[in-house]
Amino acid sequence: MALAYAPGLTVTDRQLVKTKRILPLKGDVLVKVGDRVKPDDVVARTMLPGPVEPMNIANRLGLPPEDVEAAMLKKAGDTVKKGEVVASVKNFFFFTSDCESKIDGTLESISAVTGQALFRGAPRPVEVKAYIDGEVIEVLPEEGVVIATWGGHLQGIFGIGGETSGLLKRAVASRKDDLKPEDITDDMKGHVIIGGARVTADAIQQAIKVGVAAIITGGLDDQDLRNLLGYDLGVAITGKETIGVTLVVTEGFGSISMAERSFDLLCSKEGQLACVNGATQIRAGVIRPEVIIPTEGDVHADDERAGYEQGGMDIGSPLRVIRHPYFGRIGKVVSLPSPLTVLESGSHARVVEIQFDDDNNKAVVPRANVELIES
């Protein structure tokens with residue numbers, strides 16, 4: 001029987017994970033192919049141009065634009081200091097009018113048409129870190145690198161906060177327990193903590209106070225998220241938030257227990273290094289928040305990699321329903337009928353028959369309403 005294909009959500013004990021670490025502008029790559037790197041190792045570096053600060057010299061000195069250049073004490077390309085006089089003119093009464101630079105930087109240009117001078121702030125260094133514990137397998141000259149590692153890999157539904165890492169530490173007794181403030185103790189500083197169902201707003205604040213690196217949990221209340229950020233997130237890409245902790249939600253919004261497969265995977269890796277990124281994008285070019293737990297292994301072993309390649313959806317494949325009325329429920333494929341099926345709405349679609357893990361009941365769901373749990 002042919003395989004069916006559906007969007008996938010990765011929850012796997014072992015997978016070859018590759019990540020590109022790319023500079024925003026061309027710069028210097030600091031590592032070479034074959035180098036072993038740690039999450040905080042800087043692999044590439046560049047300088048971002050500073051902000052532009054315009055100054056209307058003509059207006060400030062009362063000159064026609066074509067006379068501005070003669071009044072300048074600095075020429076294009078010269079460095080300037082904040083408060084330094086960059087243009088000066090004497091009037092008929094021998095009084096002097098001056099223009100002072102508002103920033104430290106460089107005088108970039110002077111216009112005889114507009115009478116404006118453009119100042120460029122000092123360049124800002126940008127460093128790209130490895131993010132994962134792995135091996136450099138490719139160098140992109142002046143741009144960045146590709147790093148690979150074998151490891152556990154778990155993708156979430158939603159996340160906030162950027163890249164971080166820490167040792168995994170379990171904070172709840174079971175996957176059905178909410179993560180509360182009292183579950184987060186001082187010894188969790190710098191750790192990636194494993195929650196169960198909903199994480200409360202107070203628990204997130206406690207994690208920030210303690211210095212927890214990241215929280216992985218099943219659910220999150222949307223009002224708690226709004227209060228935490230101070231604004232409605234809307235449809236956008238996340239990952240740039242600076243709230244003090246990275247958060248990965250594995251199931252969705254509300255009080256939803258973490259999937260057994262995800263919870264067991266994380267708990268089995270307790271004490272190991274976890275690399276976490278909360279960046280999420282739900283529009284075109286989907287980005288999922290993720291947890292990578294690096295392990296030993298030869299990233300160049302094709303025969304080993306072939307044994308872990310994921311196929312399509314087949315009988316027995318684990319999946320999650322992503323639409324009402326079975327939203328969030330997890331089960332296994334029982335059958336994949338080939339003919340189109342008439343739905344309650346009267347439309348025709350290909351469906352999948354699912355047996356749910358929690359109660360062994362079965363349901364027929366359109367294939368567009370499920371996502372494969374790649375394991």
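The values are calculated or read from the model by the stated rules, or taken from the named source; none is laboratory data. Please read these numbers as outputs of a predicted model, since none were measured by experiment. Ideal geometry is used to build each Cβ from the backbone, glycine not excepted, and the neighbour counts take in all protein chains shown.
Can you name the residue in region 349-365 that is in contact (Cβ under 8 Å) with a residue 24 or more places away in the chain, part of a strand (DSSP E or B) and not aliphatic (A, V, I, L, M) and, of all such residues, is farthest from Ile330 (Cα to Cα)?
Filtering region 349-365 for residues that are in contact (Cβ under 8 Å) with a residue 24 or more places away in the chain, part of a strand (DSSP E or B) and not aliphatic (A, V, I, L, M), the one farthest from Ile330 (Cα to Cα) comes out as Lys362.
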Failed condition for Arg175, given (1) out of contact with any strand residue (DSSP E or B) (no Cβ under 6 Å at 6 or more places or on another chain); (2) surrounded by fewer than 16 Cβ atoms within 10 Å (Cβ to Cβ); (3) within 28 Å of Gly244 (Cβ to Cβ): (2)
Give region 98-127 a look and list any residue that's out of contact with any Leu (no Cβ under 6 Å at 6 or more places or on another chain) and β-branched (Val, Ile, Thr), or say none. Ile103, Thr106, Ile110, Val113, Thr114
With region 2-119 as the region, which strands (runs of 3 or more DSSP E) entirely inside it contain at least 1 residues that are charged (D, E, K, R) and surrounded by 14 or more Cβ atoms within 10 Å (Cβ to Cβ)? 8-22, 42-48, 52-56, 96-100, 105-110
Whichever residue in region 135-180 is part of a strand (DSSP E or B) and among the basic types (Lys, Arg) and, among such residues, is farthest from Ala213 (Cα to Cα): Arg170
Is there a residue in region 330-352 that is within 34 Å of the chain's Cα centre (by Cα), farther than 22 Å from Leu265 by Cα, hydrophobic (A, V, I, L, M, F, W, C) and surrounded by 12 or more Cβ atoms within 10 Å (Cβ to Cβ)? yes
Any residue at all in region 240-247 that is surrounded by 16 or more Cβ atoms within 10 Å (Cβ to Cβ) and within 13 Å of His153 (Cα to Cα)? no
The conditions are (1) surrounded by fewer than 17 Cβ atoms within 10 Å (Cβ to Cβ); (2) in contact with a Cys (Cβ under 6 Å, 6 or more places away or on another chain), and Lys180 fails exactly one of them. Which is it? (2)
Going by what's in this entry, would Gly190 be described as assigned to a loop (DSSP other than H, G, I, E, B), of a type in the set (Gly, Ala, Ser) and at pLDDT below 95? no
Would region 139-162 turn up any residue that is over 21 Å from Thr242 (Cα atoms), surrounded by fewer than 21 Cβ atoms within 10 Å (Cβ to Cβ) and of a type in the set (Asp, Glu)? yes
When region 2-17 is examined, which residues are found to be touching a Phe, Trp or Tyr at 6+ places or on another chain (Cβ under 7 Å) and either of a type in the set (Lys, Arg) or at pLDDT below 80 (or both)? Arg14
From the set of residues in region 317-348 that are basic (Lys, Arg) and assigned to a loop (DSSP other than H, G, I, E, B), which is farthest from Asn360 (Cα to Cα)? Arg323
Taking region 203-234 and keeping only residues that are part of a helix (DSSP H, G or I), in contact with a helix residue (DSSP H, G or I) (Cβ under 7 Å, 6 or more places away or on another chain) and exposed (fewer than 14 other Cβ atoms within 10 Å of the Cβ), one is left with Asn227
Could you check Asp298 against (1) among the charged types (D, E, K, R); (2) modelled with pLDDT of 85 or more; (3) within 30 Å of Leu273 (Cα to Cα); (4) surrounded by 14 or more Cβ atoms within 10 Å (Cβ to Cβ) and say which number it fails? (4)
